[in-house]
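A quick write-up on the structure given underneath.
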Amino acid sequence: MLYLALLLLAAGLTLIVRRLRGNAGFRFATLTRSLLTVLGLLAGLSTAAYVVEPYEVAVPTTLGRVGGTWQPGLHLKSPLTEVTAFSTRPRDLNLTGNDTVEVRSSEGGVLYADLTVKWAIDPQHTRALYQLAGSSDAVQQGLVLPDSREIVRNVFAKHTGVEGYSSQREAIGTEIAELVTDRLAPRGILVTAVNLRNVRPSDSLQHAIDQKIQQDQATAQAQAAVLTAKAEAEKRKIDADSTAAANAAIAGSLNDKILMSQCIEAFKAAAEKNPVYASPCGSTGTPVIVDGTKR
């Protein structure tokens, strides 16, 4: 539109200069009226044309009636038409600092979540978004922001403080991204990424988390001691059972003949140093005399 206005202005000035050259007695008043005529023409043309930039789409409104979406390019309009432009470039909703989301865990502990929602307007839904919100800023403040906050709080409420702070943080971020995308897509808002940047526990929750960690460590140590004691008791029982089984096997295999034979062998060995040795042997008490001098 600027180029068109400059072109018309140059044309008007050229005509005026030609008239001045052709008529030396051209009066100042006539020149003034000509200039005003050109400026009025330019002003009228400026109200009848609108240029949508390459990174925008626009919605015209005439006397309360919403028109179709304008794509990038030059568009003619009536002076009564108002045009609202929507940027199609991606935008960042940063929920940090004063906008940090305060959430509660399933145990009631307070955490603070910092995240960034990257979103953009779907050009096909611009007219509906205009009727729903009115502008790009209103879309962010009235749709993206409250829905994102609600989803973040709901997801963290399903997890404990320790899970939200450390162990399940990645899974929580993935779930938030999926839910925000699914919530905003039907409204014509394209979510390209949701980054859960930081999660901080409150002072009271941090104290509770530290106590729980200490308790878990103490419990783990106690459980380990119990398992060790059980293992040692089981080992002693196995050793005792083995010894008892061995003794029972030995006792069952011994009889009078075996005992007599072993006793005789023992006395023979003893008779090597004692020429004459007499002793009862066997369960019957029968004395056995071994003369070591005889072979």
Extension reserve of the residue 193-residue 87 stretch, reckoned as 0.36 nm per residue once the Cα distance is removed: 36.4 nm
Computed over segment 91-201: relative contact order in percent, which uses C-alpha pairs under 8 Å that are six or more apart: 40
Relative packing of 94-102, 81-89, which averages over residues the other C-beta atoms within 10 Å, highest first: 81-89, 94-102
Ranked 139, 199, 51, 66, criterion: other C-beta atoms within 10 Å, fewest first: 66, 51, 199, 139
FRET E, pair residue 247, residue 107, Förster distance 51 Å, beta-carbon r, rounded to 0.05: 0.30
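Using 0.36 nm times the number of residues separating residue 185 and residue 219, minus their current alpha carbon distance, what extension gain do you get? Write out the running numbers ahead of the final one.
On the way: separation 34, 0.36 × 34 = 12.24 nm, distance 4.72 nm.
Extra length from residue 185 to residue 219 when fully extended: 7.5 nm.
Read-outs: derived from the displayed coordinates by stated rules, not from any lab. Since we're looking at a predicted model, the values are computed, not measured. With ideal geometry, Cβ positions are generated from the backbone for all residues, glycine too; neighbour counts draw on all protein chains shown.
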